[in-house]
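Here is the structure we will look at, set down as structure tokens.
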Amino acid sequence: MHMEKIILDPKADTSLTIYLHEEKKEYQRIDKRPFLLVIPGGGYGFCSEREAEPIALKFAAEGYHAGVLRYHVGEFRSFEESLADAHKSMRIIEELSVNAKIDSERIAVIGFSAGGHLAAALSTLGEVKPSLCILGYPAILDSFAKVMKITAPSLDTCVTPQSPPTFLFSTFEDNVVPIENSLLYLRALEENEVPFEAHIFQKGKHGLSLGNKWSGNSEEMIDPRFAEWFDLCIEWLEINWLEEKEMKQIYTDIWQVPIKELFAVKMNRKKLLRNLPFLTDKSTYKIIKLLSFAQLYELSPEKFSSGQLKDLLEELALPQKEREQES
């Protein structure tokens with residue numbers, strides 16, 4: 001394995017340490033590997049080593065390339081500078097992908113606690129966003145930013161439909177970062193229709209890292225049940241990266257297109273809202289968004305006549321046709 005430390009800011013001692021699998025004859029069948037960027041916590045006061053190299057090496061053992069970002073902390077703490085560190089790291093990883101076997105379309109970020117705050121910021125405010133985001137007991141709200149002595153917005157308010165799919169794990173009993181940080185972020189993802197998977201374990205203190213005997217700094221930090229997050233996360237990564245490679249379904253009959261996909265096309269949205277004002281109600285939209293108009297008509301024929309729907313749908317564009325026009 002090739003290991004290298006890249007200095008980002010000598011004065012603040014910020015860096016990106018990379019762990020790259022070397023090309024060997026036995027690995028000829030493997031083309032490019034995903035990259036996991038690890039951002040340790042520490043309340044912006046320090047970078048926790050328990051959430052740094054052990055995490056990177058754990059992902060490396062699964063076959064991924066990995067890297068650890070050590071950002072502006074302590075006397076140099078700054079949300080803006082830390083986010084700039086994350087941006088630089090993403091750029092460096094992309095540059096490395098030209099010569100190293102890194103899949104530039106499969107760069108994920110994982111952050112813990114304050115590192116989760118930075119990972120969420122990169123995923124919502126970043127110039128270059130990761131393809132997937134993993135958050136471990138993350139600090140999210142501006143009220144907790146004040147505790148960490150930084151100035152930052154509540155990151156749940158920064159989520160957009162362009163934010164990457166997210167895997168979040170935490171504990172109900174977290175004794176440092178209130179669980180509302182996680183819950184409000186999940187709510188924002190749902191509101192913006194960003195796919196997510198969440199595991200909120202009932203038991204467990206803050207900062208469990210891998211939850212095993214090798215990463216715990218005391219007996220109470222060893223939690224085998226919490227440690228399950230890692231295997232669940234690997235499974236989630238593979239599911240999402242597999243889906244990225246699969247072609248989206250191409251529809252030929254607009255009656256069969258899910259309302260959500262029709263609504264995502266700008267030129268369709270105004271027409272749908274004008275003709276079907278009940279779609280402005282968020283609760284109603286959430287209930288029917290995965291249905292096609294054929295299914296909706298079958299369930300509630302009293303709401304509109306088939307002629308009314310036919311006239312409306314003739315005005316709408318199929319999603320893939322709109323994508324072709326935009327390209």
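Flag: Glu81 does not match the condition of being of a type in the set (Asp, Glu), touching a residue at least 60 places away in the same chain (Cβ under 8 Å) and within 20 Å of Cys233 (Cβ to Cβ). In the stretch 1-18, of all residues being hydrophobic (A, V, I, L, M, F, W, C) and out of contact with any Lys or Arg (no Cβ under 6 Å at 6 or more places or on another chain), the one that is farthest from Phe59 (Cα to Cα) corresponds to Ala12. Listed conditions (1) open to solvent by 10 Å² or more (accessible area, probe 1.4 Å); (2) modelled with pLDDT under 95; (3) farther than 25 Å from Leu242 by Cβ are all met by Ile150, apart from (2).
Only one entry in Pro161, Pro165 is over 14 Å from Gly116 (Cβ atoms), open to solvent by less than 60 Å² (accessible area, probe 1.4 Å) and not basic (Lys, Arg), namely Pro165. Looking across the stretch 29-74, just one residue is surrounded by 24 or more Cβ atoms within 10 Å (Cβ to Cβ), touching a strand residue (DSSP E or B) at 6+ places or on another chain (Cβ under 6 Å), part of a loop (DSSP other than H, G, I, E, B) and among the aromatic types (Phe, Trp, Tyr), and that is Tyr71.
For Thr124, the criteria (1) open to solvent by 20 Å² or more (accessible area, probe 1.4 Å); (2) of a type in the set (Ser, Thr, Tyr); (3) over 23 Å from Phe230 (Cα atoms) hold in every case but one, which is (1). Candidates in the stretch 137-146 are the residues that are farther than 13 Å from Ser78 by Cα and not polar (S, T, N, Q); of these, the one that is most open to solvent (accessible area, probe 1.4 Å) is Asp142.
Filtering the stretch 219-234 to residues that are among the small types (Gly, Ala, Ser) and either more than 27 Å from Pro34 (Cα to Cα) or open to solvent by less than 20 Å² (accessible area, probe 1.4 Å) (or both) leaves nothing.
Among the residues of the stretch 1-28, the ones that are assigned to a strand (DSSP E or B), among the hydrophobic types (A, V, I, L, M, F, W, C) and in contact (Cβ under 8 Å) with a residue 60 or more places away in the chain come to 5 in all. Summed over the stretch 267-302, residues that are assigned to a helix (DSSP H, G or I), of a type outside the set (Asp, Glu) and closer than 18 Å to Val257 by Cβ total 19.
The values are calculated or read from the model by the stated rules, or taken from the named source; none is laboratory data. Being a predicted model, the structure only gives us computed values, none of them experimental. For neighbour counting, all protein chains shown are included, and Cβ atoms are generated from backbone atoms with ideal geometry for every residue, glycine included. Calculation scope for accessible area: heavy atoms of the full protein, side chains included, ligands and nucleic acids excluded. Shrake-Rupley method; radii C 1.70, N 1.55, O 1.52, S 1.80 Å.
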